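Notes for the one structure printed next.
The values are calculated or read from the model by the stated rules, or taken from the named source; none is laboratory data. Bear in mind that the values here come from a model prediction, so they are computed numbers and not experimental data. Virtual Cβ from ideal backbone geometry, glycine too; neighbours counted across all protein chains shown. Ligands, DNA and RNA are excluded from the accessible area calculation, which covers all protein heavy atoms including side chains. Shrake-Rupley method; radii C 1.70, N 1.55, O 1.52, S 1.80 Å.
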Amino acid sequence: MPVLDVQHIEKHFGATRVLEDISFSLEQGQALAIIGSSGSGKTTLLRCLNFLETPNQGKILVNGETLFDADDPATQREAEVRKKRLHFGLVFQSFNLFPQYTALENVTLAGELLAKERPDFKQNKKAILEEIRTQGQALLGRMGLSDRAGHYPHQLSGGQQQRVAIARALALQPDILCFDEPTSALDPELTGEVLKVIRSLAEQKTTMIIVTHEMAFARDVADQVIFMDGGVIVEQGPARQVIETPREERTRQFLSRYSDN
């Protein structure tokens, strides 16, 4: 059973059809790269998976559980949206860190807010918060940022901020970690440090969806690649097959811009 099963997702903004009949699945421990030109629907797809947008049609299942069904209003109740988002960790193009909080506080904030809803929180507040902070510190360590836990975002480089954002996304132990062009806001010299972290996560078999314009990275790190154009999936398959020997002419035309990779 796949960890993620996306069935016939469509998204329209008025008369503009941004996603058309999007279907794919993702196995536990796989990395999926989504490539395509700007405006092809990649970011909208991630936003639908994270319930930041509501699809007009289709289903989204995680571990066999239907999280969204366009034909079932019960799956679309606002009260359930936050719970559904916990299945997905999202790392945005921009870092979206809270400037008033330290790196560690950014990582632990969501966990602390959720902990307050636990029935035993008042009784065990100190121990619960200490555990969350210990886990947050460990995540920063995985990102190579142990010595930056007390730094505020303005005291960090762009690459360090994005690594804090990755740690924050991992903090709630999502089923699937999603990246929306995580290096697009970085200078070239800082891109490598973020890609190194994502590569390490792939080696640890973290289940991931990566929207990226880094073709060589997608080829070498992803298990599967989807190429989108005009809101549809033009081609999908094993990463090296799609990027090195694409079947579709539209895929070949897109990848020809990256022939140096």
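Under a 10 Å cutoff between Cα atoms, tell me which one of Thr43, Thr206, Thr134 has the largest fluctuation in the Gaussian network model of the chain. Largest GNM mean-square fluctuation: Thr134.
Counting other Cβ atoms within 10 Å, which GluC sites (Glu not before Pro) in the stretch 108-152 have at most 16 and lie in a DSSP loop? Walk me through the numbers before you get to the answer.
Numbers: sites: Glu112, Glu117, Glu130, Glu131; in loops: Glu117.
Here the GluC sites (Glu not before Pro) that fit, given the DSSP loop and packing criteria, are Glu117.
Computed over protein heavy atoms with a 1.4 Å probe, the accessible surface of the chain works out to 49 Å² per residue. Here the Debye sum runs over all C-alpha atoms of the chain as equal scatterers in vacuum, and log10 of I(q)/I(0) at q = 0.07, 0.08, 0.13 Å⁻¹ comes out as -0.25, -0.33, -0.87. Checked against a 27 Å cut-off, the cross-linked pairs Lys84/Lys125; Lys125/Lys196; Lys59/Lys83 give Cα-Cα distances beyond that limit for Lys125/Lys196.
By how many degrees, between 0 and 90 and to the nearest 10, does the Cα long axis of helix 121-142 differ from the longest principal axis of the chain? With rounding to tens, the tilt is 50 degrees. Comparing Arg240, Arg199, Arg118 in a Gaussian network model of the chain (Cα springs below 10 Å), the most mobile by mean-square fluctuation is Arg118. Just the number, please: percent antiparallel of the DSSP beta bridges in the chain, rounded to the nearest 5. Close to 60 percent. By the helix-only formula, in which each DSSP H run with n ≥ 4 contributes -39500 (n - 2.57) and the sum is divided by residues, the chain has a 222 nm mean residue ellipticity of -11500 deg cm²/dmol. Stokes-Einstein diffusion for the stretch 197-261 at 10 °C, viscosity 1.306 mPa s, with a Kirkwood radius from C-alpha pairs, works out to 129 µm²/s. Taking each residue as 0.36 nm, the span from Lys196 to Lys83 lengthens on full extension beyond its C-alpha to C-alpha distance by 37.6 nm. Local charge sum around Gln28 (other residues, Cβ-Cβ under 14 Å, Lys/Arg +1, Asp/Glu -1)? After counting each charged neighbour, the total is -3.
Kindly list the residues of the stretch 68-100 that lie in the label zone of Ser25, defined by a backbone N under 15 Å from the point 7 Å along the Cα-to-C-beta vector. What the label zone holds, given the 15 Å backbone N cut-off, is no residue at all. When the chain is treated as a Gaussian network with alpha carbon springs shorter than 10 Å, the biggest mean-square fluctuation among Asn63, Asn124, Asn106 belongs to Asn124.
For every other residue with a beta carbon closer than 11 angstrom to the beta carbon of Gly158, add +1 if it is Lys or Arg and -1 if Asp or Glu, then tell me the sum. List each step's numbers first, then the result.
Details: positive: Arg163; negative: Asp187, Glu189, Glu193.
Charge balance in the 11 Å sphere: -2.
Electrostatic bookkeeping for Thr183 treats Lys and Arg as +1 and Asp and Glu as -1; over the other residues with beta carbon under 10 Å from its beta carbon, the sum is -4.
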